[in-house]
Amino acid sequence: MGKENKPTVIDSADRAAKGGLLNRRLFLNTAIASTAALATARAAYGQDIVGEGQDDWVIYPGSDAQLYGDRSQFEVDNIKRVFPEFSQEFWDLRLSKYVARTPLDHMLGTITPSGLHFERSHQGIPDIDPDKHSLVIHGMVKQPLKFDIEALENYPTVSRFYFLECSGNSAVLFQDKPTDQSLQQIHGLLSGSEWTGVLLSTLLDECGIDRNAKWIIAEGADNGMMSRSIPMDKALDDTMIAVRQNGERIRPSQGYPMRLFNPGFEGNTSIKWLRSIYVSDRPAMSVQETAKYTDMMPDNTSLQFSLEMDVKSIITRPSNAMSLKKKALYEITGLAWSGKGKIARVEVSVDGGKTWADAMLEDPVQSKMLTRFRIPWLWEGGPAVLQSRAIDEFGRVQPTRDALIAARGQNPIYHYSAIQSWAVASNGEIKNVFA
Ligand SMILES: Nc1nc2c(c(=O)[nH]1)N[C@H]1C(S)=C(S)[C@@H](COP(=O)(O)O)O[C@H]1N2
Ligand SMILES: [Mo]
């Protein structure tokens, strides 16, 4: 690299907030950048052309076509990770061999490759023979029915993009002290996919539901038979029986051959290896919805059926998975999502929330799906605290950590949705902090 990193002068018209945040349109169209300095800063990542000759892969023919494509052998480090070191308080998540997290720092765009979709399975992954598996819909219906995967794929299917987040994601941030866990470990129980399946309303319509039915109780065929109750208005809205993920049949770790998928709801309600839907006038009140997936409030009462996920965002780059190597122009980018609908706006701050600028939202912005945001940032070498704040189409604003803890206390381990702060030191190192 022969280039000097020249001091960059940015026109005040391009500045969007304090600390070097620039107008979000600068990356879209350099013509509107009112200074040539921006081009200089952008070129900081290119390298001078040196050397001659052809590499082996140009000289020799390549290998044969693959019947099922593998990733490049050079991508082997881009994997889900299992983190063993959970503390006492997080007893639920201590079953670490059943939890693997998505490498969000490696993601660009919004789709998680199926092989990198996070995984949470309470009793391991069953190896289900699809010829021996079916879904039974029974209870308060006129006609109980049974469907195997072939039968399901004969119904009109829908394909939709949705995020899935475990309600225990980011839970370590409820603790008193900031953690030095990585982005992947803190926030990696989050993924986004295209899900294809049959709307549950289609099947319930075929079975004919009793007019007094208010809930469905979904149960999996795994060891432990995980079950959850879902209100009927959700079941008749966008809940689906998903059979495919990103085009291929759902993988065993995601619920092969079929799973319930409740868009925008906490991950545990999307029952994998689904084998039974019982239509009822009341919820099951199973261990999952009494002892387990409830949220203890500061006054020691508990919230039950807190099913919808909040509005939330995280900066994935830069994050504590990396450090800044030089003063230069960076793209701050990350993911925003809301369990209720679409993301309307994401604001970014590099001075710990004193000043904010609007980030660009990358199209398409989809309901209950990850939305990628981006904003250019000129790092001039000083300390900075990077934050993102998401706002959804219903005006819900992602809270600061202080506001979240004031409202909810530190008892809960589910639904941590506060603003994430990454502190950048003058030497370019990045740490998780509470700001
Ligand atoms: N049958 C069954 N369904 C299940 C689970 C399970 O252990 N068994 N885990 C739940 C939890 S806690 C979450 S967060 C999501 C995780 O889905 P994934 O592994 O496809 O990411 O599945 C849910 N569905
Ligand atoms: Mo979960």
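Cross-link partners for LYS214 among the aspartates and glutamates, with Cα-Cα distance under 12 Å and sequence neighbours closer than 8 places in the same chain left out: ASP233, ASP281. Pairs exceeding a 23 Å alpha-carbon distance, out of LYS18/LYS340; LYS272/LYS342; LYS312/LYS431; LYS312/LYS368; LYS146/LYS342: LYS18/LYS340; LYS272/LYS342; LYS146/LYS342.
In µm²/s, what is D for the range 252-388 at 25 °C and 0.890 mPa s, where D = kT/(6 pi eta Rh) by Stokes-Einstein and Rh is the Kirkwood radius from Cα pairs? Working shown, then result.
On the way: Rh = 18.1 Å.
Translational diffusion coefficient: 135 µm²/s.
For LYS326, a cut-off of 18 angstrom between C-alpha atoms picks up these aspartates and glutamates, skipping any fewer than 8 places away in its own chain: GLU4, ASP48, GLU380, GLU429.
As a test of understanding, state the convex hull volume per residue of the chain from its alpha carbons, in Å³.
Details: hull volume 75.2 nm³, N = 435.
Taking only Cα atoms, the chain has a hull volume of 173 Å³ per residue.
Determine the share of the range 360-435's accessible area contributed by carbon and sulfur atoms, expressed in whole percent, with a 1.4 angstrom probe.
Working: 1490 of 2870 Å².
Exposed carbon and sulfur together represent 52 percent of the surface.
The base-10 log of I(q)/I(0) for the range 386-433, evaluated at q = 0.17, 0.25, 0.26, 0.33 Å⁻¹, reads -0.62, -0.96, -0.99, -1.18 [Debye formula, identical scatterers on Cα atoms, solvent excluded]. Could you please state how large a percent of the accessible area of the range 215-294 is carbon and sulfur, counting protein chains only and using a 1.4 Å probe? Here carbon and sulfur together make up 51 percent of the probe-accessible area.
The separation of the range 339-404 from the range 151-230, counted between C-alpha centres, amounts to 25 Å.
Per residue, how large is the accessible surface of the chain? Use a 1.4 angstrom probe and give square angstrom. Can you show the working numbers first?
Numbers: 20420 Å² over 435 residues.
Accessible surface, normalised per residue, equals 47 Å².
Just how many % of Cα pairs in the range 175-334 lie over 24 Å apart, if you round to the nearest whole percent? That tail contains 48 percent of the Cα-Cα pairs. Relative intensity of the range 119-170 on a log10 scale, I(q)/I(0) at q = 0.15, 0.26, 0.28 Å⁻¹, equals -0.77, -1.04, -1.04, per a Debye sum over C-alpha point scatterers of equal strength in the absence of solvent. Semi-axes of the equivalent ellipsoid of the range 84-239 are 34, 18, 16 Å, computed as sqrt(5λ) over the eigenvalues of the C-alpha gyration tensor in descending order. Amide H contacts for ALA344 (H built 1.01 Å from N in the peptide plane; partners 5 or more residues away or on another chain; cut-off under 5 Å): ILE391, ASP392, GLU393. The calculated FRET efficiency for GLU75 paired with ASN212, based on their beta-carbon distance and R0 = 56 Å, is about 0.55.
I'd like the per residue volume of the convex hull spanned by the Cα atoms of the range 253-332, given in cubic angstrom.
Value for the range 253-332: 192 Å³ per residue.
Restricting to DSSP H runs of at least four residues, report the calculated mean residue ellipticity at 222 nm for the chain, -39500 (n - 2.57) per run over all residues, nearest 500 deg cm²/dmol.
On the way: 7 runs with 39 residues, N = 435.
After summing the helix terms and dividing by residue count, I get -2000 deg cm²/dmol.
Size descriptors for the range 235-298, from the alpha-carbon set: Rg then Dmax equal 13.6, 44 Å.
The values are calculated or read from the model by the stated rules, or taken from the named source; none is laboratory data. Keep in mind it's a predicted model, so treat the numbers as computed, not measured. Neighbour counts are summed over all protein chains in view; Cβ atoms, including those assigned to glycine, are modelled from backbone coordinates with ideal geometry. When the accessible area is computed, the model is the full protein with side chains, heavy atoms only, and any ligands, DNA or RNA have been set aside. Shrake-Rupley method; radii C 1.70, N 1.55, O 1.52, S 1.80 Å.
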